[in-house]
Amino acid sequence: MKPTGDEQARRLGRLIVVSGPSGVGKGSVIAAAIAQRPETWTSISTTTRQPRPAEQEGREYFFVTKADFEREVASGGFLEWAEYADNLYGTAREPVDQNLASGRNVILEIELAGARQVRAAFPTAVLVLIRPPSMADLRERLIGRGTEPSEVVERRLATARHELAAESEFDYVLVNEDIGATASELVDLLDGQ
Ligand code: 5GP
């Protein structure tokens, strides 16, 4: 007997898109949520950005040249891609499809333009925006991270204002006052609550 639409949907993993300004703590929140739900799969994006000192190829990102990135775009290998602060970022399509098909939940940590593309490709994706408690707090976190020069921090803050203005496009908005508490909210979404 062929499975009904409902049965099929139940067997597919849940696709959760986590967006939010640079420095808001998305990475820490996702890591804390995955510690509680280790069966969750997170995509490792491809980027043309230079690696930061502590970053490793294939762990935070796959670091590629612009030419390689553009080849991948042309061959349709990305589920979504976008330019952010003069660099290109993309999510490989195949592992996302495979993990969802095998019933695993998938988290994508991507910026706004990418989140919109995922929404168009997967209308059932759950879009989550993580907000800082305030813009002053975000500025402090970006400066405190010490990974970007001040003009880059200012550019990322301008982008942050644009991203936060799109709040109404998201299914859930989590204010990241405390990583543990925000991670618990994300775990609830992974569990479908
Ligand atoms: P960062 O350079 O700080 O690692 O990332 C800059 C921004 O790019 C962040 O908002 C991050 O979520 C986003 N980003 C990372 N990977 C992807 C991706 O594959 N696609 C899109 N659209 N955005 C991404």
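See the values below:
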item: Search result, residues across the range 26-35 that are within 14 Å of the ligand (Cβ to nearest atom) and crowded, with 20+ Cβ neighbours inside 10 Å; result: K26, V29, I30
item: Answer residue from the range 96-113, given it is in contact (Cβ under 8 Å) with a residue 40 or more places away in the chain and over 30 Å from V152 (Cβ atoms) and is nearest to the chain's Cα centre (by Cα) among those; result: N105
item: Residue tally, condition among the basic types (K, R) and either surrounded by 12 or more Cβ atoms within 10 Å (Cβ to Cβ) or in contact (Cβ under 8 Å) with a residue 60 or more places away in the chain (or both), over the range 149-171; result: 2
item: Which listed residue is in contact with a strand residue (DSSP E or B) (Cβ under 9 Å, 6 or more places away or on another chain) and buried (at least 18 other Cβ atoms within 10 Å of the Cβ), from E80, E55, E70, E60; result: E80
item: Test for E111: is it surrounded by 13 or more Cβ atoms within 10 Å (Cβ to Cβ) and under 20 Å from E83 (Cα atoms); result: yes
item: Close pairs from the range 114-133: first under 16 Å from V29 (Cβ atoms) and more than 10 Å from the ligand (Cβ to nearest atom), partner of a type in the set (F, W, Y) and part of a loop (DSSP other than H, G, I, E, B), Cβ under 8 Å, at least 6 apart; result: L127/F170; V128/F170; L129/F170
item: Breaking point among (1) over 16 Å from the mean Cα position of the chain (by Cα); (2) under 23 Å from A33 (Cα atoms), for Y172; result: (1)
item: Residues located in the range 86-113, provided they are in a strand (DSSP E or B) and within 12 Å of the ligand (Cβ to nearest atom); result: N87, L88, Y89, G90, T91, A92, I107, L108, E109
item: Among residues of the range 1-24, those that are at pLDDT 95 or above, away from the ligand (no atom under 11 Å from the Cβ) and either β-branched (V, I, T) or in contact with a Pro (Cβ under 8 Å, 6 or more places away or on another chain) (or both), counted; result: 1
item: Residue satisfying condition, being surrounded by 17 or more Cβ atoms within 10 Å (Cβ to Cβ) and either at pLDDT below 95 or in a helix (DSSP H, G or I) (or both), within set L142, L129, L174; result: L142
item: Residues that are in a loop (DSSP other than H, G, I, E, B), more than 10 Å from the ligand (Cβ to nearest atom) and not small (G, A, S), drawn from the range 58-85; result: R59, V64, T65
item: Single unsatisfied condition, V152 versus (1) under 16 Å from the mean Cα position of the chain (by Cα); (2) within 12 Å of the ligand (Cβ to nearest atom); result: (1)
item: Residue satisfying all of: in the range 36-53; closer than 21 Å to D86 by Cα and of a type outside the set (D, E, K, R); nearest to the ligand (Cβ to nearest atom) among these; result: S45
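The values are calculated or read from the model by the stated rules, or taken from the named source; none is laboratory data. Everything numeric here is computed off the predicted structure, so don't read it as measured data. Positions of Cβ are generated from backbone atoms using ideal geometry, with glycine treated the same way; all protein chains shown enter the neighbour counts.
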